[in-house]
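Report on the structure given below.
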Amino acid sequence: MVFRILRILRAKQVQYLDERQIMTAIRREMGDEFNEPTIHAHLHYMQQHGLLKPVQLKPQGHGYALDWAGYDYLDAS
């Protein structure tokens, strides 16, 4: 799932995606294989390890952008 999330962010060619957009894209690709808490856990893990950086959006919105480690991870694959 880590690779898919990173690939989704890079494929959209935007600075960031909000959580809803990421959830929608994952469900489109993978169906109901992963539930929302599992996806949130992956996003948090990826943020902690420098793959994603958080982006504060309008009131109470959260988004994510690729961080340097995320780019490195994609380049190596």
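The values are calculated or read from the model by the stated rules, or taken from the named source; none is laboratory data. Predicted, not measured: the structure shown is a model, and the values here were computed from it. Areas reflect the complete protein model, heavy atoms only, side chains present, ligands, DNA and RNA absent. Shrake-Rupley method; radii C 1.70, N 1.55, O 1.52, S 1.80 Å.
Below are the figures for this structure:
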| quantity | calculated |
| --- | --- |
| The chain - percent of accessible surface contributed by carbon and sulfur, probe 1.4 Å | 49 percent |
| Solvent-accessible area per residue for region 1-76 (1.4 angstrom probe, square angstrom) | 67 Å² |
| Under Karplus coefficients 6.51, -1.76 and 1.60, residue-wise ³J(HN,Hα) of region 61-72 in Hz, glycine/proline x | x, 10, x, 9, 10, 5, 9, 4, 5, x, 5, 4 |
| P(r) of the chain over all Cα-Cα pairs, binned every 5 Å from zero, in whole percent | 3, 16, 30, 27, 17, 6, 0, 0 |
| Computed [θ] at 222 nm, helices only, for the chain once each DSSP H run of length n ≥ 4 contributes -39500 (n - 2.57) | -18000 deg cm²/dmol |
